[in-house]
Each structure stands twice: as structure tokens, then as C-alpha cells.
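*Asks:* Have a look at the structure that comes next, please.
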Amino acid sequence: MDCVVDSNVKLSRKSKDEKKVLKKQIKASHTLLKHEGISTTSQPTKSLVVANGGLGNGVSREELSTVLKEMGDVESLVMPPHKPYAFVTYRSEESTRRAHTHLNGQKLQSGENSVMLYLSYVNSVTQEEDSSVSLPGGLVLVEDFVSPEEESLLLAAIDWSSTYDDVTAQKALKHRRVKHFGFEFRYDNNNVDKDKPLPAGLPEECLPLLQRCLSERHIDAMPDQLTVNQYESGQGIPPHVDTHSAFEDTIMSLSLEAQTVMDFRHPDGRAVPVVLPGRSLLVMKGESRYLWTHGITPRKFDMVPARDPQSPSHTTSDPGTQSHLTLSKRGTRTSFTFRKIRHEPCRCAFPSACDSQGAPLPPSPPALPSCHSDAARLEEEYVHRVYEAIASHFSSTRHSPWPRVCHFLSSLAPGGVLADVGCGNGKYLGVNPEVTAVGCDRSSALVQICAERGFRAFVSDALSVPLRTASCDACISIAVIHHFSTEERRLQAVKELVRLLKPGGRALIYVWAFEQEHNKQKSKYLKDYNEEDHGKFSPTRNTPEESQEPHGKSTHPASTHLEESSGPTHSVQAVAGRLGVHTNRTAFNTQDLLVPWHLKGGKKAGEGESRHGEKKDERRETSKKASDHACSFSNDATLRSDSKASPSPSSSSALKSESESSTPPVFHRFYHVFQQGELEQLCGLVAGANVQSSYHDQGNWCVELEKD
């Protein structure tokens, strides 16, 4: 009791800065309880929760551990994956008190950013059990396959000095530099020209290691094609399956220089991240080569198991475990991918994914943007024009505000200023009548709907909002940032939200999640297919973000001419450098994709009529305007819903208004679906923004942040 009284006396004598730190510490404790269920205590214990000191904030285990160990002997440090907090347990209560006193409100430099730590006592530390993830069938990782001397020799054999040469077909792609030996891999058709070998065969420096691969039975025949990729930090390659008809079964990838994480994904949604250390050899055979996609997510940090000097090095290959994780900064990585050209049709055991056995080749979707102007054009074609065309129908599906967004809005103090950036039809602008709410959206048609509903809204790009800096008490961005096609533009969108906020102001961000199943629970987006449709897939359902509303069913039933489909149609897989088309109500297999929106027509559309009371002739006009945009992938974001191939320019009139055709047009919107932890890392790159909480809400990743 004396200790508590003495502590209270000291609190009353705190300086202005100390009181500010205490206020922030208490606020952090309330945030942890509210969003994470973590209870703190005022009584000293041996354990502390460290707010802002988590992997989700870009803090590595090594950085945090170094600071904590200065306060005493650390018994354990638990850093939950993707969370903006950590738990530390000291061997003595005295060390805990010391850390609580000296580290509260202290800045921790984490790479290029700094975070402010706030510590609170906790009675117990909960930790998820480690979950071991099995590697895909036929996948083998051999660490330290080449020596440092061999690595240097191989790297020296690759001359990157020229920007292009015909001998090795060297090219500079958006995400990497590439050279081909033996045969050129053509990214335009995802294949090789087998009748035109390149003048240069495989480099002589590769022969010793290939002989070793033969003797160790990793391969049965000598490869005749080599692709060398060089990735800088932050670069990657889209998920893909190497074309079956182009190459034989076994594919080997030798990783040199920096470590990275390669993501493998099964068509059923299972995902396995595999750490590829420098000088390691990855061997793909059978299922891992023919069925699973593999790719490298563009980012500058990977979440990987921390190396334990006492444990074998191979334990680093499984980042699926929940404990002892850390962040690994990417550097320059060079990969040597060895393959053997196939001269006969593929006869693998996976015909559904095999182009030799009848699996349809994808149409030519738009390319991933390689620069700012490419990104702007892609978003204009596959975001802005689409929403302008579907505004009325889109608005009619957006009528139920999400409960957790409403909770955030209701928590705002009376008299405050709220900006809804990307407000759509304005359904959140009237949630809290005690604040001054203003919205903006890129679509003038949606802004007009806001005006008809009596809301303040104006047309604006989310990257440059014409409001004064530090003029808002709160901002929300609901289902907007995932429409930006590059990380730089997504980061700029977050920076713009922070710019608008006053110091101490809060922002809430929602983006569509790659993981539609979280904590063993499927989102409504997936459950609608499995439960509501009773096994009948309806590709005409409109699905992204708020169509998954947890407390409201879609008002738009499937069109009858498609109800006989017995299951999901195949999505158009993303080939290297290009976008694929997602199959609605199924798990995602890539992060950058096009998502169909089926514009309703005929009498069925009336069942989902907008609450603004559009008349039939107005809906007919909307549908007619939509059909004016209809053409093939190469020209616009619209496709026939019943077409098996993209319509030719001469058939553009086949996409008619609802008065002329029973088949409504299908629009495709660009999305970048966020992986777990990606939104927190993005927000962590913004100076002056602190992630207060993050959570998964019905298939969306959500972050609440505060401006310093």
C-alpha cells in the first residue's frame, strides 16, 4: 500500500511532458483492451505489454530486444504476428519497474522510422500455439547449396552493364531485371519459342553446380534454359505457375545474395510462405510445380522466424510458426532459375491447370503498371470509368453502414469535423449528426447521389483532397485504398489522410483482405457461396467490400440464365506482369486482380432499386451509358457475362442496354487485396502516424491510426 501511495504522490509532481506520456500510456491501455482484449493493471508484475513495439509497426525483434535488455534480464519476448504490440517478461519485478519507468514515452528508431513506446503491466501473457505448415508436395529447399566462393563466381558471370542485348534477351521489367540463356521466355504469351534458341547457352560457371544437382538426384536431365532475375529491395514477381507446355517437370531456383520469402498458394486457398536464404536451392516437382502458384510479394521487409544460434539453420524455412518472429530487411537478390524445354505435350496429373490438356489459355488482361502514368491510366479505365457507369446500381447495394465503422463515428466528440475520403453514396455521412461531416469521391455520379440525399460532398481524387492541412478531427477511408494500383499511390493515399488530421486526430481505414478466412471463420463473402447458394454458384452476385455486409443480405438475386451453373467458373490466372480476373465468392490466389461487377438489367434490377427512387427509364439510361463503355480487355473494363472470350471490336454492339438485351454488361474493377499486416506496415511508413489498433472485419483488414 505504501508503494502505491508513494507512486500517487509522485504522479502529482510530474512535469508537463511526464503527464503527456502518462496520458498516452493510459490511452494505449484502453485501446489494447477495446480492440485486442488485453487487460492491463496498475500493480507492478513481471510482464509488460509494449504498445507500438510490434512487428505490425515495423519493429524487429532484435531492435526491441536490445532496448528491453538494458533494463534487466529478459525471460521471454513475445511478438504476435502483424500486431502493433509485444509482450516482455523479466526475471525480476525490479527490472519490470525499471523498464516501465525509463522506456515509457521513449522513441525507438526502427529503420528509417521512429516509434514511441508505451508500456503497461499485465498479469499474464497469452501466446498462440505454434502451427507447423507443410510444404507443398514435391517442394524441397536445400540451404547452403553453394559456397560463398561459388556465389561470387556465379554473380560475376552475369553482366548487367547493358540495358538490352539479343544474346541473353536482357530486359528491365517493372519489378526486376532479367536475362535469359538458352531460350528466351516470352512474357507476352507466357511461353518460349522452341525453334529459336539464343546464341548463348548456359554460362560455364553453372555447369559444376548442375552436375552436382544430377549426382544428388535433384534433376534427371541437364537443363537447357536459364532465367536470371535481379530484385532490388521492395521488388517482387506476381504469383504464377510456369507454363506446363513450355517446360518439363522439375524447376530449380538458386537464390543468391539477400534472403526473401516466396509465397506458394494452392487453388483451394491454402498458402505457404517459404523463406529462401541466400545460397539456397529450391526444387519444384510434381504438385508444387504444376498446381501451386509461386510469387514474391513486393515489400521491403519480410516477417520470418528469428534465428536461434542454438538451433539448426533449417528452422528458418518455416515462417508459419507464431513465436520468435522478427522482421528481415530485404536487399538485392539474384535468382538463377533452371528449366528444361518440353518438346512433347504435358501429361501431368493436373489437367485442370494444364494448357496441354485443354485448360483454357487466359485472354490478354491489362498489364500491371510500370510507372505513375501507367497506374493512372489503369485506375482511370478499371476504377473511375466503372464507378461512373455503375453508380446508380452500386449505390442501391450500399445501404447498411458497418457496425464497427459506426462505432468509430459515434465516438467522435460533438462539434468535430469529419472527412469521408471516398464517400461513395454517403452512407456514413449521416451516422453522427453531432459532427460536421463532408465527403469526397472521384465519381461525380456518386457525389450527385450524396447531394440528392442532403449530404455535403464534392468531387476529388483521394491522393489530393482540396481541404486545409490539419483541418479535420477524424477521417475515414472505407474500401478505397485497395483501388490504387501501386504501393507508392497507396502510401500517398494514407499520407493524405494524415495530412488532413489535426494533431491527435484519428483515421479509420478499411481495405479488402486477401485472407477471407480468419481465425477459422470464413467471411460472408465466402459463406454466401457455401451456405446461401446451397452449393450453387452465382457469378452475377456483386461482391467486393460492403457487398459482404455482415448484417444485411444482398438485395440482388442471381440472374436466372446463370443459375444452372454447378460451381465457380475458373478465374483468369495472372500471368507474369498481367492481371487476372477473379471468380466471385472464391478465395483469392493473387493480390492484384480484376473483380467483376455485373450490372443488373430487366425486371430483376427493380428488386434492388435504389432508395432514391430511380425510375425505370433512369435505370435504362444508366444501363445504356454502361454499355457505351463495353469492349474488350485491351480497350475497357467491360466484358459480356455470357461470353467465353473477349468480344471483338465489331461485336461491341452486342453489349446492349437492358431494353435490347437480356444479358447485362460486366465491368471489371481493379483491386489490390491486402495481406495480413500489409496495411499496418503501409501506415508505419507515414511520419507522424501511430497505429492504435488493427483488426479483421468480415473479410477486410482495418486500421485505426492517430496523428502525433
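The values are calculated or read from the model by the stated rules, or taken from the named source; none is laboratory data. Bear in mind the structure is a predicted one, so any value in this text is a computation, not a measurement. Cβ: placed from backbone, ideal geometry, glycine included. Neighbour counts: every protein chain shown. The area values use the complete protein model at the heavy-atom level, side chains included, leaving out ligands, DNA and RNA. Shrake-Rupley method; radii C 1.70, N 1.55, O 1.52, S 1.80 Å.
*Asks:* For the pair SER373 and ALA221, how long in nm is the line joining their label points, each one 7 Å along Cα→Cβ?
*Replies:* Calculated label separation equals 4.6 nm.
*Asks:* Heavy atoms of the protein only, probe of 1.4 Å, neighbouring chains included. What is the accessible area of GLU678 in Å², nearest 10?
*Replies:* 40 Å²
*Asks:* How much length is gained on full extension from SER410 to VAL140, taking 0.36 nm per residue of separation minus their Cα-Cα distance?
*Replies:* Details: separation 270, 0.36 × 270 = 97.20 nm, distance 5.27 nm.
Gain on stretching SER410 to VAL140: 91.9 nm.
*Asks:* For GLU62 and LEU33 in one chain, what is 0.36 nm times their gap in residues minus the Cα-Cα distance, to one decimal in nm? Please list the in-between numbers first.
*Replies:* Details: separation 29, 0.36 × 29 = 10.44 nm, distance 2.65 nm.
Additional length available on full extension: 7.8 nm.
*Asks:* Let a ≥ b ≥ c be the square roots of the eigenvalues of the Cα gyration tensor of the range 252-298; is it rounded (a/c under 1.5), or, if not, prolate (a/b larger than b/c) or oblate? Could you put the intermediate results ahead of the total?
*Replies:* Working: a/c = 2.97, a/b = 1.54, b/c = 1.92.
Taking the square roots of the gyration eigenvalues as a ≥ b ≥ c, the range 252-298 is oblate.
*Asks:* Right, another one. Quick check on packing: order 478-485, 188-195, 98-105 by the mean number of other C-beta atoms within 10 Å, highest mean leading.
*Replies:* Values: 478-485: 24.1, 188-195: 14.2, 98-105: 17.0.
Ranked by mean Cβ neighbours within 10 Å, highest first: 478-485, 98-105, 188-195.
*Asks:* Could you compute the FRET efficiency for ARG186 and SER92, with r as their C-beta to C-beta distance and R0 at 51 Å, rounded to 0.05?
*Replies:* 0.20
*Asks:* Full-extension gain between ILE26 and SER352, please, as 0.36 nm times their residue separation minus the C-alpha to C-alpha distance.
*Replies:* Details: separation 326, 0.36 × 326 = 117.36 nm, distance 5.59 nm.
Contour length minus the Cα-Cα distance gives 111.8 nm.
*Asks:* Evaluate the distance, in nm, between pseudo-label points positioned 7 Å from the Cα of ASP17 and of VAL74 along their respective Cα→Cβ axes.
*Replies:* 2.5 nm
*Asks:* GLU517 versus LEU207, label points 7 Å from Cα toward the beta carbon: distance in nm?
*Replies:* Those two pseudo-labels are separated by 5.0 nm.
*Asks:* Something else now. Sorted by packing (mean other beta-carbon atoms within 10 Å per residue), highest first, where do 114-121, 27-34 land?
*Replies:* Working: 114-121: 21.5, 27-34: 18.0.
Highest mean packing first, the order is 114-121, 27-34.
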